[in-house]
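S.K.: Right, I'll just put the structure down here and ask away after.
The numbers here are math on the coordinates, done by the rules we state, and not lab data. Quantities reported herein were computed from a predicted structural model and do not represent experimental measurements. All Cβ positions, even for glycine, are placed from backbone atoms using ideal geometry, and neighbour counts span all protein chains on display.
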Amino acid sequence: MIRKLSILFAGALMGATAMTVVSQNPGVANAAGSDTYRQLAIFGDVFERVRAQYVDKPDDQKLVETAINGMLTSLDPHSSYMNAKEAAEMRTETRGQFGGLGIEVTMQDELVKVVSPFEGTPADKAGILAGDLIAEIDGEQVRGLTLGQAVDKMKGDIGSKVTLTLVREGAKKPIRVTLTRDEIKVPSVRHSVEGDVGYIKLLKFNEQTTVGMEEAIADIKAKVGEDKLKGYILDLRRNPGGLLDEAVSVSDAFLDNGEIVSTRGRNADETRRYNARSGDDIDGKPLVVLVNGGSASASEIVAGALQDQRRATIVGTRSFGKGSVQTIIPLGQNGALRLTTALYYTPSGRSIQGHGIDPDITVQQPLPDDIKKQMGLDSTEELVRGESSLRGHIQGVDETDEGSGSLDYVPPEKKDDLQMQYGIDLLNGVKTNAMFPPKREANNAAN
């Protein structure tokens, strides 16, 4: 069962965020006072002097965009201005679909390396393989391009064509293939079956996330059988966030009732509450949620709701601690404004801004010494991420000197993943803990 809640939103920020979108409305802003206009006159004077006297002729558009961004970033790390191109890329990211080829790529030796083609996409149908190196795009050398520039060249209008020149291990000469771009849906959900346990990993919160999670649950039930299923692991580690409505919808999938999250702005009448509807998609089965220092914003909304409602046991380390909501305000052809307009609160009234979600059961996942060496860290140092460490962040009401966040490392091999294995052991009864399963109060104050 897929739920859609009627809440204002459709946008996302690469990185940790939960956001809403509003229509353009120039009448909303309050009129500035006379002193403010005098300050703006100073800005105009400085702008003209830079244009006229700077040693090199500056780009006017870049000057203005930089000035606007300077104003916004002085507020907090998550407010910013997006020009038209950046706003379009943001919309593509939140939709989770675009015109392209369907390959996950990285950079290697100045060439684009195929990590994996997505099943059923133009790249998959053309026989492109994991490990292939893309040397040319439409006859242009990839060397000298950034990964982002190369990806932009492979994206395009649905139905348009692009020619790739591939270098493949074992092939005697480069392989040239011409592909027709199609609509690509970027997977935001991965899942597997670990014995009698269902494992679901959410990579981000875009418009495809709830649908993907519902499909994952159905597939797990079909493979294991509902009678045999011992429970589920929901992995939110290294998930930077995304759409607020998707965070609400994902939480709702596991809850029968009660509040999921509330958002509170500058004025009391801006408070909004989001509540669960009846129906638990996993039929009351035990649920373990994994979090770490890379779990931010929308991920923290889900973890906080399931923790406060005693629906899941949270395992791992303290989350990132981003408890603010950004509103995307379209500016027509001039791009969009991303502005922090509210803080969100868990059902019990907690603000996690600058603090994060504390796990019910702390399980550390150390960073291996060889990776520390590559990063220039000594054996005693840890790389910790957290909102409280960001310059200019909004001070959280529950923020402490201890700060938010933790290490966000997740091992590539499941056998080395201590947090995941702990969750599996809990569900299988190999490990026991007083926090699992969570004790649900008959009259939970959050309901």
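S.K.: With the chain treated as a Gaussian network of Cα nodes joined by springs under 10 Å, which of Tyr344, Tyr409, Tyr37 yields the largest mean-square fluctuation?
M.R.: So, out of Tyr344, Tyr409, Tyr37, the one fluctuating most is Tyr37.
S.K.: Going by the alpha-carbon gyration tensor, a ≥ b ≥ c the square roots of its eigenvalues, is segment 189-428 rounded (a/c under 1.5) or, if a/c is not under 1.5, prolate (a/b greater than b/c) versus oblate? Intermediate values should be presented prior to the final figure.
M.R.: Details: a/c = 1.70, a/b = 1.12, b/c = 1.52.
Verdict is oblate for segment 189-428.
S.K.: Also, I was wondering about something else. Would you please put 229-236, 274-281 in order of how densely packed they are, using the mean number of other Cβ atoms within 10 angstrom per residue and starting with the highest?
M.R.: The most tightly packed comes first, giving 229-236, 274-281.
S.K.: Of all DSSP beta bridges in segment 189-428, what percent run antiparallel (nearest 5)? Show your work: numbers first, answer last.
M.R.: Numbers: 22 of 38 bridges.
Within segment 189-428, antiparallel bridges account for around 60 percent of the total.
S.K.: Once phi is turned into ³J(HN,Hα) by the Karplus curve 6.51 cos²θ - 1.76 cosθ + 1.60 with θ = phi - 60°, what whole-Hz value does each residue of segment 177-185 show in order, with x for glycine and proline?
M.R.: Using θ = phi - 60°, the values come out as 10, 10, 10, 9, 4, 9, 5, 10, 9 Hz.
S.K.: I would also like to ask the following. How would you order 90-100, 198-208, 317-327, 49-59 from highest to lowest mean count of nearby Cβ atoms within 10 Å?
M.R.: Those peptides, ordered most packed to least, come out 317-327, 198-208, 90-100, 49-59.
S.K.: Determine the percent antiparallel among the DSSP beta bridges restricted to the chain, to the nearest 5.
M.R.: Antiparallel: roughly 70 percent of the beta bridges in the chain.
S.K.: What ranking, highest mean first, results for peptides 239-250, 347-358 when packing means the other Cβ atoms within 10 Å averaged over each residue? Before the final figure, lay out the partial values.
M.R.: Details: 239-250: 28.2, 347-358: 22.8.
Those peptides, ordered most packed to least, come out 239-250, 347-358.
S.K.: What 222 nm value per residue comes from the helices of the chain, counting each DSSP H run with n ≥ 4 as -39,500 (n - 2.57) and dividing by all residues, nearest 500 deg cm²/dmol?
M.R.: -7500 deg cm²/dmol
S.K.: Given a Förster distance of 60 angstrom, what is the FRET efficiency for Asn428 paired with Asp157, based on the Cβ-Cβ distance and rounded to 0.05?
M.R.: Here the calculated transfer efficiency is 0.75.
S.K.: List the aspartates and glutamates whose alpha-carbon lies under 15 Å from that of Lys431, not counting same-chain residues fewer than 8 positions away?
M.R.: Here the aspartates and glutamates satisfying the reach criterion relative to Lys431 are Asp360.
S.K.: A follow-up question, please. At what distance in nm do the modelled label points of Tyr37 and Val211 sit from each other, each positioned 7 Å from its Cα along Cα→Cβ?
M.R.: Once both label points are built, they end up 5.1 nm from each other.
S.K.: Still on this structure, please answer the following. So, with +1 on the Cβ of K and R and -1 on the Cβ of D and E, and no other charges, what is the size of the charge dipole of segment 244-373 about its Cα centre, to the nearest 20 debye? Walk me through the numbers on the way to the answer.
M.R.: Values: 14 positive and 16 negative charges, 92 e Å.
I would put it at about 440 debye.
S.K.: What order do you get for Thr121, Thr66 when you list them from fewest to most C-beta neighbours inside 10 Å?
M.R.: Ordered from fewest to most neighbouring Cβ atoms within 10 Å, Thr121, Thr66 come out as Thr66, Thr121.
S.K.: Also, I was wondering about something else. Among the listed pairs Lys201/Lys221; Lys204/Lys322; Lys285/Lys322; Lys204/Lys415; Lys125/Lys414, give every one whose C-alpha distance is greater than 20 Å.
M.R.: Lys285/Lys322; Lys204/Lys415; Lys125/Lys414
S.K.: Whose amide H sits under 5 Å from the amide H of Asn275, counting only residues 5 or more places off or on another chain, with H placed in the peptide plane?
M.R.: Residues meeting the criterion, in which the H sits 1.01 Å from N, are Ile260.
S.K.: Here is a further query. With θ taken as phi - 60° and the coefficients 6.51, -1.76 and 1.60, list the Karplus ³J(HN,Hα) couplings across segment 311-316 in order, rounded to whole Hz; mark glycine and proline as x.
M.R.: Rounded to whole hertz, the list is 8, 9, 9, 8, 10, x.
S.K.: Next question. Can you run phi through the Karplus equation (6.51, -1.76, 1.60; θ = phi - 60°) for segment 98-106 and list ³J(HN,Hα) in whole Hz, with x for Gly and Pro?
M.R.: 6, x, x, 10, x, 9, 8, 10, 9
S.K.: Tell me which aspartates and glutamates have Cα within less than 20 Å of Lys57's Cα, excluding those fewer than 8 residues away on the same chain?
M.R.: By straight Cα distance, Lys57 reaches Asp45, Glu48, Glu65.
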